[in-house]
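Novice: Attaching a single structure in structure tokens format; questions to follow.
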Amino acid sequence: MLLPFSTKSGHISLIDAFFTSTSAVCVTGLIVQDTATYFTRAGQTIILVLFQLGGLGIMTFSTLVLLVAGKKISIKDSILIREGYAPYMQKNVKSLIKNIFFYTVAIEVAGTLSFFIRWHKIFSAPKALFYSVFHSVSAFCNAGFSVFCDSFESFRSDSYVNITLMVLIVLGGLGFLVINEIIRIFFHKRGKGKIQISLHAKLVLSTTLFLLFFSFVVFTALEWNNSLKDFTLKEKIFSSLFQIITPRTAGFNTMSLGSLSLGTVFLLILLMFIGASPGSTGGGVKTSTVGVVFGFIRSKITARESINIFYRTLPLDLIIKALTIITLAICVICFSSFILFISQPAVGMKEVFFEVFSAFGTVGLSLGLTQNLNVLGKIVIILTMYTGRIGPLTLLYAFSRRRPFGRYEYVEESVMIG
């Protein structure tokens, strides 16, 4: 990013280059310099490569390189990859990596063709092709980067572009394992036995559908006579649907976020916090984590000893892990927000919280604070994006003690809770 050919002015500050690189690798989309006007085509291509690598996952991509080179994958690396993609994955790591690569290429090529069909009528063929590739990869990787100055506000009423974007975002946010199961169900031949759907896929799909439907209804009701009042009926529907899909870590927008009511902003913050699904290109605490916590709360309300979801009992360590992730995420967000309040006291609380939740969820939406951040503010957002992408639990494991001192327990004693 620091090389002269990356920017039109031939110069970019070190902190801005670092911020842009982190935002791209962490597939966030927050920008301190406008991608469309500040960077050259070479610079935009560098950003494209970075969020493609970040979307696939550095571990996944490096393993793919080893496979192409004919090298063997170590047992340690195989275990790490398997742990990163849920307990329902194939035992054959090579098969998993090949499937991930195939699905990524197939979906991004389909998205590119879809965009190109529409945009070659507006732009020259080379420009239309680059725009199509850039936004197809950005949408599927839930990166949120755009080479249009106003993101997709100019295409608000273009149903073709809207549908293509939303499909790419949702597919990227579901996770590779869920996509694999959907494809398996779609191509399953009758008469060959009943196909089993994993609990992970059921939980991810049901949580995703609930969030989309519930959020769409709430967003439309809150903004119908507010920010959407001057829109046509078609624009109201597409804008409402698009704006509740994009906080699921995508970061595009088809309308000005500054015109949204406080209730809607809070709704978007919740969606950014939840994010996408495990093993996907998105961030957040993940849909399955929220689903597990919901199952735990429901079991307590109904006075059940076990935690049941879809006629399956969840293990206790899974509940502890889900609650730990949410607790750590809230701690990271609160700490980052506190530092931003100190470093930039003139900024409103709404803008700071929105920015931090967006950074942690690797979303990329902003209420205008990103380009007004000072150096300390940029460092805080960089660290928040990084933590949100790798996961707070992973970060905790990296810095925690591997083995406890001694093998003993203290006398048990209770305290009052609630």
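Novice: Does ARG248 satisfy being of a type in the set (D, E, K, R) and either free of Cβ contacts under 8 Å to residues at least 12 places away in the same chain or in a helix (DSSP H, G or I) (or both)?
Specialist: no
For every residue, the table says whether it meets (1) touching a Phe, Trp or Tyr at 6+ places or on another chain (Cβ under 7 Å); (2) assigned to a helix (DSSP H, G or I); (3) of a type in the set (Ser, Thr, Tyr); (4) farther than 17 Å from GLY172 by Cβ.
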residue: PHE5; (1), (2), (3), (4): no, yes, no, yes
residue: SER9; (1), (2), (3), (4): no, no, yes, yes
residue: ASP16; (1), (2), (3), (4): no, yes, no, yes
residue: THR20; (1), (2), (3), (4): no, yes, yes, yes
residue: GLY29; (1), (2), (3), (4): yes, no, no, no
residue: THR45; (1), (2), (3), (4): no, yes, yes, yes
residue: GLN52; (1), (2), (3), (4): no, yes, no, no
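Novice: Taking the criterion of being more than 20 Å from THR289 (Cβ to Cβ) and among the β-branched types (Val, Ile, Thr), would at least one residue in segment 356-364 satisfy it?
Specialist: There is no residue in segment 356-364 that is more than 20 Å from THR289 (Cβ to Cβ) and among the β-branched types (Val, Ile, Thr).
Novice: Take the residues in segment 355-371 that are more than 18 Å from LYS286 (Cα to Cα) and surrounded by 14 or more Cβ atoms within 10 Å (Cβ to Cβ), then tell me which one is farthest from the chain's Cα centre (by Cα).
Specialist: Going through the qualifying residues, I end up with LEU369.
Novice: For PHE273, indicate whether it is in a helix (DSSP H, G or I) and closer than 23 Å to PHE252 by Cα.
Specialist: yes
Novice: In segment 360-384, what residues are at pLDDT 95 or above and closer than 20 Å to SER146 by Cβ?
Specialist: ILE381
Novice: Next question, about the same structure. Look through VAL218, VAL204 and report the one residue that is assigned to a helix (DSSP H, G or I) and in contact (Cβ under 8 Å) with a residue 60 or more places away in the chain.
Specialist: Matching residue, one of VAL218, VAL204: VAL204.
Novice: When the residues of segment 26-37 are filtered to those that are hydroxyl-bearing (Ser, Thr, Tyr) and under 26 Å from THR387 (Cβ atoms), which remaining residue is surrounded by the fewest Cβ atoms within 10 Å (Cβ to Cβ)?
Specialist: It comes out as THR35.
Table: residues versus (1) surrounded by fewer than 17 Cβ atoms within 10 Å (Cβ to Cβ); (2) of a type in the set (Val, Ile, Thr); (3) modelled with pLDDT under 90.
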{"site": "SER261", "(1), (2), (3)": "yes, no, no"}
{"site": "LEU268", "(1), (2), (3)": "no, no, no"}
{"site": "PRO278", "(1), (2), (3)": "no, no, yes"}
{"site": "GLY283", "(1), (2), (3)": "no, no, yes"}
{"site": "THR289", "(1), (2), (3)": "no, yes, no"}
{"site": "PHE294", "(1), (2), (3)": "yes, no, no"}
{"site": "ARG304", "(1), (2), (3)": "yes, no, yes"}
{"site": "ILE325", "(1), (2), (3)": "no, yes, no"}
{"site": "ALA329", "(1), (2), (3)": "no, no, no"}
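Novice: Now for a separate question. Which of the helices (runs of 4 or more DSSP H) found entirely inside segment 65-176 contain at least 1 residues meeting this: at pLDDT 90 or above and among the hydroxyl-bearing types (Ser, Thr, Tyr)?
Specialist: 93-119, 125-140, 159-174
Novice: Being of a type outside the set (Val, Ile, Thr) and touching a Leu at 6+ places or on another chain (Cβ under 6 Å) is the requirement here; does GLY263 meet it?
Specialist: So GLY263 passes the test.
Novice: Here is a follow-up. I need the full set of residues from segment 296-349 which are in contact with a strand residue (DSSP E or B) (Cβ under 7 Å, 6 or more places away or on another chain) and either of a type in the set (A, V, I, L, M) or touching a residue at least 24 places away in the same chain (Cβ under 8 Å) (or both), in order please.
Specialist: ILE307
Novice: Here is a further query. Condition check: more than 21 Å from ILE15 (Cα to Cα) and β-branched (Val, Ile, Thr). Does VAL380 satisfy that?
Specialist: Judged against the criteria, VAL380 is not a match.
The values are calculated or read from the model by the stated rules, or taken from the named source; none is laboratory data. Just so it is clear, the structure is predicted and the values come from calculations on it, not from any experiment. So basically every Cβ, Gly included, is an ideal-geometry build from the backbone, and we count neighbours across all protein chains shown.
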